Each structure stands twice: as structure tokens, then as C-alpha cells.
Amino acid sequence: MPTNAKTKAKNSDERKIRGTQAEAVGQSRKSESQNAVELLEQDHREVEGFFEEYEDLVDDTAKGELAKKICMTLTVHMQIEEEIFYPQARKATKDDDLLDEAVVEHAGAKNLIAEIEEMEAGDDLYDAKVKVLGEQIKHHVEEEEEELFPEVADTEMDLAAVGVQMAKRKAELLKQFAKA
């Protein structure tokens with residue numbers, strides 16, 4: 001979906017307001033009342049905004065800082081999905097194919113994240129790897145939101161209880177990252 005300069009500026013301003021990892025922990029606490037799908041969709045919007053913001057950056061220091069934030073955000077997101085959401089969704093939907101594909105997509109993203117974390121902004125292929133990661137994540141998000149989430153919503157899965165579990169785990173992981 002194309003975005004205009006006004007939308008990008010608004011999104012950028014909103015992201016600046018969100019700010020630091022410590023604030024992210026606070027946001028995670030607020031999300032304890034969200035159901036699992038809402039929490040994951042909120043994460044999706046946040047990381048999409050980070051990738052949009054990255055496209056507009058020219059300064060390598062700013063790119064490096066934002067890439068670290070992207071990698072941390074995705075790492076935490078994938079971990080709560082794999083530890084909590086996917087096992088519950090697998091049990092509720094019995095759709096092994098869709099969830100197996102999601103796990104494989106996570107593995108690909110983790111490989112790119114590891115490569116990006118080993119590099120410095122400005123290195124050859126750094127921007128390309130961040131861009132490809134963004135494209136992979138966009139594809140993954142579309143599949144989750146268009147296929148997996150509706151399928152899960154049609155089950156008896158307690159999305160509110162799973163959401164509370166995920167929010168608590170997310171807050172723990174964000175605290176660990178903040179200490180590192």
C-alpha cells in the first residue's frame with residue numbers, strides 16, 4: 001500500500017513518541033488486557049512503522065540504532081509467538097501446515113537478524129538485508145492476519161487468557177533486552 005509524505009510524517013511522529021525500550025515495557029503492561037491477536041497485530045503495526053522509518057534514514061548511526069530496535073522487537077515478538085501463541089493455535093486449529101510454515105518463516109527471519117546484528121550500518125549489503133527482512137516480515141504478517149488469525153478466531157481458544165500470558169512474557173523479555 002503506497003504511503004504519502006504526510007502519512008509517513010505522522011507515523012514517524014507517533015513512533016518518536018513511543019520511544020525507548022523502557023516505554024515498550026510499559027506498553028506491554030498496558031496490553032495485558034488485550035487478547036492475543038490484538039497484541040500481535042499491535043506488534044505488527046509497530047514493526048511496520050519501524051521499517052517505513054528506516055527507508056527514510058540516511059545517517060548510518062540512526063540506521064544502526066533503528067535496525068537494533070527492529071531486530072529486538074522482532075526477536076521478542078517471534079519468541080512469544082513460538083513459546084505461547086503457536087502451540088495454543090496449533091492445538092485449537094489443528095492446522096499444522098500453516099503453523100509449520102510460520103515457524104519456517106521465523107527461522108529465515110532469525111537468520112537475517114543474526115546477520116544484521118553482526119554487521120555495522122554502512123557495511124556492504126546492510127541496507128539490503130534490512131530491506132529483505134522487512135519484505136519477509138510483511139509477507140509473514142499478511143499470512144498471519146489473513147489466514148491464521150481468522151482461523152484462530154473461529155476456534156474455542158481463549159484469546160484473552162493467551163493474550164495475558166503473552167503480554168507478561170513480552171514484558172519479561174523486554175526487561176532482559178533493556179539490561180543487555
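Only the coordinates and a few stated rules stand behind these numbers; no lab work does. None of these values were measured; they are calculated from a predicted model. For neighbour counting, all protein chains shown are included, and Cβ atoms are generated from backbone atoms with ideal geometry for every residue, glycine included.
Points 7 angstrom from Cα along the Cβ direction at Asp123 and Lys91: gap in nanometres?
Once both label points are built, they end up 4.1 nm from each other.
Longer than 30 Å from Cα to Cα, which of Lys129/Lys175; Lys94/Lys175; Lys94/Lys170; Lys91/Lys138 are they? Say none if no pair is.
Lys94/Lys175
Peptides 69-82, 104-117: what's the order by average Cβ count within 10 Å, highest mean first?
69-82, 104-117
Using a basic spin-label model with each label point 7 Å from the Cα along Cα→Cβ, how many nm lie between Val132 and Glu101?
2.2 nm
Along the Cα→Cβ direction, 7 angstrom out, place labels at Glu55 and Asn111. What is the inter-label distance in nm?
2.5 nm
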